[in-house]
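Peer 1: The structure under discussion is supplied below as C-alpha cells; questions concerning it will follow.
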Amino acid sequence: MLNDADNGPKIREEVLTKRIQFDTLPSLYAKLENVCSLLDCSKREFLEMAVHDSIQKAEAVFGDAFEQASGQTFYQAFGVKE
C-alpha cells in the first residue's frame, strides 16, 4: 500500500481523492490519538467513519424536517428513488 505522507499527491491524482483537513486544539488531537490507539485504527480511518456517520445523521435530520414541513419525504417530493 502507498504511504500517504510520501505519496499523497500521487494518490489524489490517481485515485481522485480530495483532502479534508483542519486545525484543532491539542487536547482534542490527543483524545483522537488515544481513541485510535484503543480501537487499533488510523486517524484517517476514524475520521472517515466519523464524517460518514455525521453525514448520515445530517441527512436524516434534513429528511425528517422536510417531511414534517411538507408532509412527504424528500424522495416523494422530487420523484427520486431511495
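The values are calculated or read from the model by the stated rules, or taken from the named source; none is laboratory data. Note that the structure is a prediction, hence the values are computed from the model and not measured. Cβ atoms come from the backbone with ideal geometry, glycine included; neighbour counts cover every protein chain shown.
Peer 1: Suppose the filter is of a type in the set (A, V, I, L, M) and over 18 Å from the mean Cα position of the chain (by Cα); does residue 60 pass it?
Peer 2: Considered against the rule, which asks whether it is of a type in the set (A, V, I, L, M) and over 18 Å from the mean Cα position of the chain (by Cα), residue 60 comes out as no.
Peer 1: Does the range 65-82 hold any residues that are part of a helix (DSSP H, G or I) and exposed (fewer than 12 other Cβ atoms within 10 Å of the Cβ), and which are they?
Peer 2: Within the range 65-82, 65, 68, 69, 70, 78 meet the criteria.
Peer 1: How many residues are within 18 Å of residue 20 (Cβ to Cβ) and exposed (fewer than 12 other Cβ atoms within 10 Å of the Cβ) when one looks only at the range 37-49?
Peer 2: Matching residues across the range 37-49 total 2.
Peer 1: Among the residues of the range 19-30, write down those that are over 15 Å from residue 45 (Cα atoms) and either basic (Lys, Arg) or part of a helix (DSSP H, G or I) (or both). Give the steps one after another, and end with the answer.
Peer 2: So the first thing to find is which residues in the range 19-30 are over 15 Å from residue 45 (Cα atoms), and the list is 22-28, 30.
Correct list: 26, 27, 28, 30.
Peer 1: With (1) in a loop (DSSP other than H, G, I, E, B); (2) surrounded by fewer than 12 Cβ atoms within 10 Å (Cβ to Cβ); (3) not polar (S, T, N, Q) as the list, and residue 58 as the residue in question, which single condition is left unmet?
Peer 2: Condition not satisfied by residue 58: (1).
Peer 1: Does the range 1-17 contain any residue that is surrounded by fewer than 10 Cβ atoms within 10 Å (Cβ to Cβ) and at pLDDT 95 or above?
Peer 2: No, because not a single residue in the range 1-17 is surrounded by fewer than 10 Cβ atoms within 10 Å (Cβ to Cβ) and at pLDDT 95 or above.
Peer 1: Hey, another quick one. So, residue 34, is that one more than 18 Å from the chain's Cα centre (by Cα), surrounded by 10 or more Cβ atoms within 10 Å (Cβ to Cβ) and either at pLDDT 95 or above or among the aromatic types (Phe, Trp, Tyr) (or both) or not? Write out each step before concluding.
Peer 2: Values: more than 18 Å from the chain's Cα centre (by Cα): yes; surrounded by 10 or more Cβ atoms within 10 Å (Cβ to Cβ): yes; either at pLDDT 95 or above or among the aromatic types (Phe, Trp, Tyr) (or both): yes.
In short, yes.
Peer 1: Oh, and also: With the condition kept exactly as written, say whether any residue in the range 49-67 is in contact (Cβ under 8 Å) with a residue 24 or more places away in the chain and closer than 25 Å to residue 8 by Cα.
Peer 2: There is at least one residue in the range 49-67 that is in contact (Cβ under 8 Å) with a residue 24 or more places away in the chain and closer than 25 Å to residue 8 by Cα.
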